There are 4 protein chains.
Amino acid sequence: MMIVMKPGATNEDIESVVERIESCGARAHLSRGDEVTVIGAIGDREHVQRLGLEGHAGVQQVVPILRPYKLSSNQFKSGERSVIEIDGRRIGGEHFSMIAGPCTVESRDQVLTTADAVAAAGASMFRGGAYKPRSSPYSFQGLGQEGLHLLAEAKERTGLPIVTELMDARDVEPILEVADVIQVGARNMQNYPLLAEIGRTGRPVLIKRGLSSTLEELLMAAEYVLKEGNPNVMLCERGIRTFETAYRFTLDIMAIPMLKELSHLPVIVDPSHAPGRRDMVLPLSLAAAAAGADGIIVEVHPDPEQAICDGPQQIYADDFAAYLEQVERAAAVAGKVLSAAA
Amino acid sequence: MMIVMKPGATNEDIESVVERIESCGARAHLSRGDEVTVIGAIGDREHVQRLGLEGHAGVQQVVPILRPYKLSSNQFKSGERSVIEIDGRRIGGEHFSMIAGPCTVESRDQVLTTADAVAAAGASMFRGGAYKPRSSPYSFQGLGQEGLHLLAEAKERTGLPIVTELMDARDVEPILEVADVIQVGARNMQNYPLLAEIGRTGRPVLIKRGLSSTLEELLMAAEYVLKEGNPNVMLCERGIRTFETAYRFTLDIMAIPMLKELSHLPVIVDPSHAPGRRDMVLPLSLAAAAAGADGIIVEVHPDPEQAICDGPQQIYADDFAAYLEQVERAAAVAGKVLSAAA
Amino acid sequence: MMIVMKPGATNEDIESVVERIESCGARAHLSRGDEVTVIGAIGDREHVQRLGLEGHAGVQQVVPILRPYKLSSNQFKSGERSVIEIDGRRIGGEHFSMIAGPCTVESRDQVLTTADAVAAAGASMFRGGAYKPRSSPYSFQGLGQEGLHLLAEAKERTGLPIVTELMDARDVEPILEVADVIQVGARNMQNYPLLAEIGRTGRPVLIKRGLSSTLEELLMAAEYVLKEGNPNVMLCERGIRTFETAYRFTLDIMAIPMLKELSHLPVIVDPSHAPGRRDMVLPLSLAAAAAGADGIIVEVHPDPEQAICDGPQQIYADDFAAYLEQVERAAAVAGKVLSAAA
Amino acid sequence: MMIVMKPGATNEDIESVVERIESCGARAHLSRGDEVTVIGAIGDREHVQRLGLEGHAGVQQVVPILRPYKLSSNQFKSGERSVIEIDGRRIGGEHFSMIAGPCTVESRDQVLTTADAVAAAGASMFRGGAYKPRSSPYSFQGLGQEGLHLLAEAKERTGLPIVTELMDARDVEPILEVADVIQVGARNMQNYPLLAEIGRTGRPVLIKRGLSSTLEELLMAAEYVLKEGNPNVMLCERGIRTFETAYRFTLDIMAIPMLKELSHLPVIVDPSHAPGRRDMVLPLSLAAAAAGADGIIVEVHPDPEQAICDGPQQIYADDFAAYLEQVERAAAVAGKVLSAAA
């Protein structure tokens, strides 16, 4: 933590800041410049973060130096990248994962048709929502338990591991019976009790970045899970909110290389929600793969026109094999190979 | 819902859209312009919202016409404004509410000193957090149950109704024993199971706008509570995320008149979190009151330098009476009078 | 400038940074913490800013300490506030200015009717655009020279100083014949040749904040004018671009107190362009005045339904007197009095 | 233009809107729904855009239907894509252009070394700034005329066409002597007199998207050039401003496929300015190429540590050949081939 003093700060102001730092158990380190004085607060991270000097007399600015996350930081693993293994599929490192399936579990026929198609084409895992966070209370909220049973059937049939969303800590038990990867949706990225609960399960988790969360906040969300002893965390970029209205969200492609510099955790990209329309899913998937993403989670439907939810953004199950083939080519440019069962 | 066709859309494209509309139980209404054709989909709101025509052949754009919220809309009460009564204090209409207290409940002494000070100055309600959503799992997470007991003691002593945050649906029972108003934090604004649970309690609720939530999404969050039969909802603007880094969040003062046009629900402003510093709390409070806010929820501490959390933004308990007096003058410009017990 | 080294930075990395700092004529100041080393670069501002150490081996982050503006900073006038005098009207300090007039000069009748109305009600200055920056090349681009003549006539008739926009450095001469205050529009806030040209004229200037410019960038734009020896600069907040689509721009009310802390220059608010609609102009004006703005620049039209440009946001000339009276009450809460000719 | 009436709009309100539409020479088309009435205004685009009905009694919302640009729209060329030819190099269609060179022209040695390196590696054009828009008036503002001479020398030596920025319409003549492509910087994207001036020259132009400009605004800027009879316009995405502070700007990768859907003009990507750091330039370039960009404009320097401006983001001239080779592989995934002299 660096405390930048105002140009007109008095010696009393400076001494008072030093005292506050020392009273918190940290060391103060003065650096008097020609125009301003900067005071470094050195010591235990938690002590330093509690200083609360922003409003102090003579203080112009408080600049954090240490990043607030530890277990998710690159330093924690000394630069080595985490590779998560799920039922023989590897996520991270040189492996590229293709997680595909419908937005929402709607019916037995829809789930199994999609699962068959993505399995045949070589997808790494199967996704589908049984509990759906909907901005309107009048919208379809998912099939719930019944949806989970259909996912279990898809898994039995295709062997694909299942990725599905948990919205409410009170539903954790039924989800654990089916999910190989628990998905935390963008709206729940800062639902801390939920994150801690998932951390305690030890089950792999894919955390979607909140639609206006910074990368640092995403890594702090991962930290809530890691701190409970669960190391199997995947980060997911899915688009952020900006002023641009030509699309629903703006996919932040820069998050891929930046998260890889900040953290050892695998980075997955969702190319479906940001555009909200099918014709942009392929170019965004190619961009993500070429930029070095560790995988993609994409929405696929056998008949998107009849989908209950988010139809326009789901790609046709019939087009999936060709789509996957092209994405593999882009991943190869970044040095990655499709992950499949060993 | 208006469906704008592309300039090159064929008659088949147009007919196919009309068919899809009619198959959903709505009526189609064609309007052929010189350059483009626009098709109105008229009928039941839910049916229309499920059309999913964004990806359809020949469709350029789908423009929603009806607002997706009903119970929170101004039309629902035919323009009449909701006034919520809490222990004799009125929120809304010509009443201006001052909700004051510490960010976090830290100790018996801190809570009671603050409660005495704000009660003596004429505050309408007392606020304080027992459960705290913290972006870091290493930060102080609140006193929990013990904090709730201290709030109960403050209420008994001063008579002020209590506003406190609920973060986890599993904590709803102890919160109900103390809270006159349940607060939903910005990070939980789209925690739909939590909102529905609070809706079922019938207890008044103050919902903070998510830091990148649109006003429409805020009203949809309110809708989740209202739909469960709980009409006692207050909306709270607390700053949104923008590109500007000179402050933590940008207080959206325009939300006040706009929410009042869209909705009958009272609008409260939190002037503390956006700046994150005390010296901006007064000008922002005056701005909010002059713009017609129905109240302010502000952080006050007897000794902010020693606060565990958010010290720099809490105003001194000793300054509170003078602060309140000036805010009342600004509220008077907007035609409002401080709300107190009858 | 503080250079934060990566946790794994080697001694060579550190020495290399120190060398680079010293080779630029600055002094290096090391601060070795438990986890990271921070190096302060102390010395002449320009030298330090050219270090370009962001990509250097072992460097994690470069944190600027000194603000890049000087003449516009509060320190430059040791905390004293600039008061600009224009034809006997004072802008800044305890003076509140009301600058009113049509968006665009359309006709003699429109200009003179509006000028009479705002003069009669007590406005401080008259505004009107002869050259208009329009996002479409097919839109009306202003009356140009003819518009300037009409503004000159309005001034002769009412005695009100004229505020009008300059878009092109090649038009500076005719503008100087009429404008008491030159307006720089939001889209030209970073048009540096234009700013420097205006600086050389010495004429008072009102610089509108770019729609996604930071406050620091606004102050740097002011610096371009001040550096040429023109001290008569007013800053103008007019709304920034955010994700919210309920309004055209989001008025940043926090800019008022923050600019006053950073700078000695007067701060004016434009309440018309952000909402783009008349009914929000009053609450936003009250908010701005209560928050301590030094003035308001508002659009007024005798018959907005027939306005060529931005009709919906212009208030009726007939309503102006009542509007001004209420704004004066809000300004009084912030300790300010309407500025008029001496 | 669709005018959505408020639920409570009266028949008089509706008739008054219809009258206003007809008085502007357009046709009104009523569509009465169960809850709201929508009125279509059909007719000449300019007439319709002048209606100004946003503030009208009973009007809830005005929804534009026609896009405000014509010459830059995809319909204008019936879906055919523009291919611009510059000295034998083709931009657009299946051609991928690599425009490379230093941020700023600093010295003869720097310019020629860089030009030699990028020419040898196979770049399509050479870039370099002689006039530099700098946010600080105290920063180096470019070599001006002398810089232009050095660019001319580089061109003579390597045969590469030159891309350089024009900031001030008064400098157009010397720029025309050297520039094969005139660059309009992000800060000047809405400098309409400058755009029109460039339009009149007929010279190819590359327009950078303003840092918070919508794609529609970018196309309107192109329209200013096209309207003057200059068809040689390239659009350039270079990062937008968002809340994320981990990078300077957020590269909007979605702009690539979206601009291609909206417009026939080529789309170039600048991967250097958004990150402001070299190590992210490659992954962003790969992403842009894979997403279908028509080219990249990248900063290259023989010795970035000594660069006067933006050193950290410039890639090493020595690394350029390897960089270009990898970018070509990503462009191939999108079906494109590097553009070179015929």
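The values are calculated or read from the model by the stated rules, or taken from the named source; none is laboratory data. Here the structure is a predicted model, which means the values were calculated and not measured. Ideal geometry is used to build each Cβ from the backbone, glycine not excepted, and the neighbour counts take in all protein chains shown. Each accessible area value is taken on the protein alone, full model and side chains, heavy atoms only, with ligands, DNA and RNA left out. Shrake-Rupley method; radii C 1.70, N 1.55, O 1.52, S 1.80 Å.
Consider D:Asp109 carefully, then state whether it is modelled with pLDDT under 95 and surrounded by fewer than 21 Cβ atoms within 10 Å (Cβ to Cβ).
Numbers: modelled with pLDDT under 95: no; surrounded by fewer than 21 Cβ atoms within 10 Å (Cβ to Cβ): yes.
Spelling it out, it is not the case that D:Asp109 is modelled with pLDDT under 95 and surrounded by fewer than 21 Cβ atoms within 10 Å (Cβ to Cβ).
Checking each residue in region C:40-60 for being under 11 Å from C:Met1 (Cβ atoms), more than 10 Å from chain D (Cβ to nearest Cβ) and either part of a strand (DSSP E or B) or at pLDDT 80 or above (or both) picks out C:Gly40, C:Ala41, C:Ile42. Among the numbered conditions (1) under 29 Å from D:Val172 (Cβ atoms); (2) touching a Leu at 6+ places or on another chain (Cβ under 6 Å), the only one that C:Val181 does not meet is (1).
Filtering region D:207-216 for residues that are within 22 Å of D:Gly88 (Cα to Cα) and either within 14 Å of chain C (Cβ to nearest Cβ) or buried (at least 20 other Cβ atoms within 10 Å of the Cβ) (or both) leaves a non-empty set. Filtering region D:242-257 to residues that are open to solvent by less than 10 Å² (accessible area, probe 1.4 Å) and either assigned to a helix (DSSP H, G or I) or among the hydrophobic types (A, V, I, L, M, F, W, C) (or both) leaves D:Leu251, D:Ile253, D:Met254, D:Ala255, D:Ile256. Any residue at all in region B:239-253 that is within 15 Å of the chain's Cα centre (by Cα) and more than 30 Å from C:Phe249 (Cα to Cα)? The answer is no, given that none of the residues of region B:239-253 is within 15 Å of the chain's Cα centre (by Cα) and more than 30 Å from C:Phe249 (Cα to Cα). Do we have B:Arg20 as closer than 24 Å to A:Tyr247 by Cβ, open to solvent by 30 Å² or more (accessible area, probe 1.4 Å) and not in a strand (DSSP E or B) here? So B:Arg20 fits the description; yes.
Candidates in region C:6-22 are the residues that are at the interface with another protein chain (Cβ under 10 Å from one of its Cβ atoms) and under 39 Å from the mean Cα position of the chain (by Cα); of these, the one that is nearest to A:Val63 (Cα to Cα) is C:Lys6. State the number of residues belonging to region A:85-108 that are within 14 Å of chain B (Cβ to nearest Cβ) and not in a strand (DSSP E or B). The qualifying residues number 3. Exactly one residue out of C:Ala274, C:Ala186 is within 8 Å of another protein chain (Cβ to nearest Cβ) and either among the aliphatic types (A, V, I, L, M) or free of Cβ contacts under 8 Å to residues at least 12 places away in the same chain (or both): that is C:Ala274. Considering only residues that are open to solvent by 30 Å² or more (accessible area, probe 1.4 Å), assigned to a helix (DSSP H, G or I) and under 21 Å from B:Leu66 (Cα atoms), which ones fall in region B:1-17? Correct list: empty.
For region D:265-283, filtered to residues that are open to solvent by 10 Å² or more (accessible area, probe 1.4 Å) and either basic (Lys, Arg) or within 15 Å of the chain's Cα centre (by Cα) (or both), the residue that is nearest to D:Gln183 (Cα to Cα) is D:His273.
What's the total number of residues in region A:165-183 that are more than 9 Å from chain B (Cβ to nearest Cβ) and either part of a loop (DSSP other than H, G, I, E, B) or out of contact with any strand residue (DSSP E or B) (no Cβ under 7 Å at 6 or more places or on another chain) (or both)? Even if it seems obvious, please write down each step before you answer.
Here is the first cut: in region A:165-183, the residues more than 9 Å from chain B (Cβ to nearest Cβ) are A:165-166, A:172-183.
Applying the additional criterion that residues be either part of a loop (DSSP other than H, G, I, E, B) or out of contact with any strand residue (DSSP E or B) (no Cβ under 7 Å at 6 or more places or on another chain) (or both) yields A:166, A:172-174, A:176-177, A:179-180.
Within region A:165-183, residues that are more than 9 Å from chain B (Cβ to nearest Cβ) and either part of a loop (DSSP other than H, G, I, E, B) or out of contact with any strand residue (DSSP E or B) (no Cβ under 7 Å at 6 or more places or on another chain) (or both) number 8.
Yes or no, residue by residue, for (1) within 30 Å of C:Lys227 (Cβ to Cβ); (2) touching a Lys or Arg at 6+ places or on another chain (Cβ under 9 Å):
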{"site": "D:Ile91", "(1), (2)": "no, no"}
{"site": "D:Ala115", "(1), (2)": "no, yes"}
{"site": "D:Ala121", "(1), (2)": "no, no"}
{"site": "D:Gly129", "(1), (2)": "yes, no"}
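Yes or no, residue by residue, for (1) at pLDDT below 85; (2) open to solvent by 50 Å² or more (accessible area, probe 1.4 Å); (3) within 14 Å of chain D (Cβ to nearest Cβ):
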position: C:Gly25; (1), (2), (3): yes, yes, no
position: C:Gly33; (1), (2), (3): yes, no, no
position: C:Thr37; (1), (2), (3): no, no, no
position: C:Pro64; (1), (2), (3): yes, yes, yes
position: C:Asn74; (1), (2), (3): no, no, no
position: C:Glu80; (1), (2), (3): no, yes, no
position: C:Val83; (1), (2), (3): no, yes, no
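With the condition kept exactly as written, say whether any residue in region C:226-241 is of a type outside the set (A, V, I, L, M), at the interface with chain B (Cβ under 7 Å from one of its Cβ atoms) and either crowded, with 24+ Cβ neighbours inside 10 Å or farther than 17 Å from C:Gly92 by Cα (or both). Scanning region C:226-241 turns up no residue that is of a type outside the set (A, V, I, L, M), at the interface with chain B (Cβ under 7 Å from one of its Cβ atoms) and either crowded, with 24+ Cβ neighbours inside 10 Å or farther than 17 Å from C:Gly92 by Cα (or both).
Given the structure, is C:Val327 assigned to a helix (DSSP H, G or I), within 12 Å of another protein chain (Cβ to nearest Cβ) and touching a Pro at 6+ places or on another chain (Cβ under 6 Å)?
Against the criterion (assigned to a helix (DSSP H, G or I), within 12 Å of another protein chain (Cβ to nearest Cβ) and touching a Pro at 6+ places or on another chain (Cβ under 6 Å)), C:Val327 does not qualify.
Could you please let me know if A:Arg200 is free of Cβ contacts under 8 Å to residues at least 40 places away in the same chain, in contact with a Lys or Arg (Cβ under 8 Å, 6 or more places away or on another chain) and not in a loop (DSSP other than H, G, I, E, B)? Taking the combined requirement at face value, the residue does not satisfy it.
Can you pull out every residue in region B:132-162 that is farther than 30 Å from A:Leu218 by Cβ and either outside any helix (DSSP H, G or I) or within 11 Å of chain A (Cβ to nearest Cβ) (or both)? Break it down into steps so the answer makes sense when it comes.
At the first step, the residues of region B:132-162 found to be farther than 30 Å from A:Leu218 by Cβ are B:145-146, B:148-162.
Passing the criteria: B:Gly159, B:Leu160, B:Pro161, B:Ile162.
Name every residue in region B:163-190 that is among the polar types (S, T, N, Q) and touching a helix residue (DSSP H, G or I) at 6+ places or on another chain (Cβ under 7 Å), in order of residue number. Break it down into steps so the answer makes sense when it comes.
Just the residues of region B:163-190 that are among the polar types (S, T, N, Q), to begin with: B:164, B:183, B:188, B:190.
Within region B:163-190, B:Thr164, B:Asn188, B:Gln190 meet the criteria.
If you check D:Glu85, D:Glu54 for being free of Cβ contacts under 8 Å to residues at least 40 places away in the same chain, touching a helix residue (DSSP H, G or I) at 6+ places or on another chain (Cβ under 9 Å) and either assigned by TED's automatic domain parsing to the domain that holds D:Asp303 or of a type outside the set (Lys, Arg) (or both), only one passes: D:Glu54.
Contact map, region B:295-313: first residue in the same structural domain as B:Ile91 (by TED's automatic domain parsing), second residue open to solvent by 10 Å² or more (accessible area, probe 1.4 Å) and aromatic (Phe, Trp, Tyr), Cβ cut-off under 6 Å, separation 6 or more or different chains; pairs are B:Ile308/B:Phe140.
For region A:191-198, indicate whether the set of residues that are more than 9 Å from chain B (Cβ to nearest Cβ) and open to solvent by less than 20 Å² (accessible area, probe 1.4 Å) is non-empty. Within region A:191-198 (the criterion being more than 9 Å from chain B (Cβ to nearest Cβ) and open to solvent by less than 20 Å² (accessible area, probe 1.4 Å)), the answer is yes, since at least one residue qualifies. Only a single item in (1) over 30 Å from B:Ala169 (Cα atoms); (2) open to solvent by 10 Å² or more (accessible area, probe 1.4 Å); (3) more than 10 Å from chain A (Cβ to nearest Cβ) is not met by B:Leu286, and it is number (2).
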